[in-house]
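Have a look at the structure below before the remarks.
The values are calculated or read from the model by the stated rules, or taken from the named source; none is laboratory data. Computed from a predicted model, the values in this text were never measured in an experiment. Cβ atoms come from the backbone with ideal geometry, glycine included; neighbour counts cover every protein chain shown.
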C-alpha cells in the first residue's frame, strides 16, 4: 500500500512540474517580430526622363561598326535618313529625301488648286443670282457649271489630304527600312549556307544510253552544323 502511495505522489509532482513549466513559457515575454519590407522603389518620372536622355545621348556617341536596330529606328525618327547612313546604305539617303520632296510638291500642287477653287466656290454660292457667264471669281473658270467647280474643289482637297497621309506613311517606312537593315546586318548571305540549290546533270545507272540519257536537274544540299 505504501508503495502505491509513493508512486501516486511522484506522478502528482511530475504533473505539477509540467504545468508550472507550461505556465512559465506562456508568461515569458515574446520577442518582437521583424517584418522585412521590400525597399526597392520604382523609378520616378524624373529618373525615367534622365535615362531616356542618356539613351538619346548615346545615339551620337556610338562608334561601333554595327548599330543596334533600336538605335537605327530612333536615329531615323530624329533625322530621316540617319539610320540608313549609319547602316552604311548611303545610296538610300537621296531616295529618302527625294521621296519627301516629291510628296511635298504633290501637296503644294493640290493645296494651291484647292484654295483657288474654294474661293471660286464661295464666290458662286454668295452670288447665286448672277448669270453663269458672269458668275466667276477667276477668269479661267468662266462658263464652268457650279457643280463642276464644287467637284473639282473636293477632288483637290482629297488629293491634298492623301499626300499628307502618304508623307507620314513614308516617314514610318524609312524608319522600318533602317530597322530591317540593322537587323539583317549580321545575317549570313555568304555561299556557305545551310541550304544550297545547285544545278546538276543526272545520269541514270540503269538502262542504256539510247533510252535513258543524261538529264539536267536541280539539287538541294542541306548542311547540318
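Run residue 80 past the list (1) surrounded by 12 or more Cβ atoms within 10 Å (Cβ to Cβ); (2) in a helix (DSSP H, G or I) and report the number of the one that doesn't hold. Among (1) surrounded by 12 or more Cβ atoms within 10 Å (Cβ to Cβ); (2) in a helix (DSSP H, G or I), the lone unmet condition for residue 80 is (2).
Of 106, 101, all but one fail to be at pLDDT 90 or above, under 30 Å from residue 149 (Cα atoms) and exposed (fewer than 14 other Cβ atoms within 10 Å of the Cβ); the exception is 101. Given the criteria in contact with a helix residue (DSSP H, G or I) (Cβ under 8 Å, 6 or more places away or on another chain), more than 18 Å from residue 110 (Cα to Cα), at pLDDT 95 or above and surrounded by 12 or more Cβ atoms within 10 Å (Cβ to Cβ), does residue 136 qualify? In short, no. The residue of segment 147-173 that is surrounded by the fewest Cβ atoms within 10 Å (Cβ to Cβ), among those that are free of Cβ contacts under 8 Å to residues at least 24 places away in the same chain and farther than 30 Å from residue 79 by Cα, is 147.
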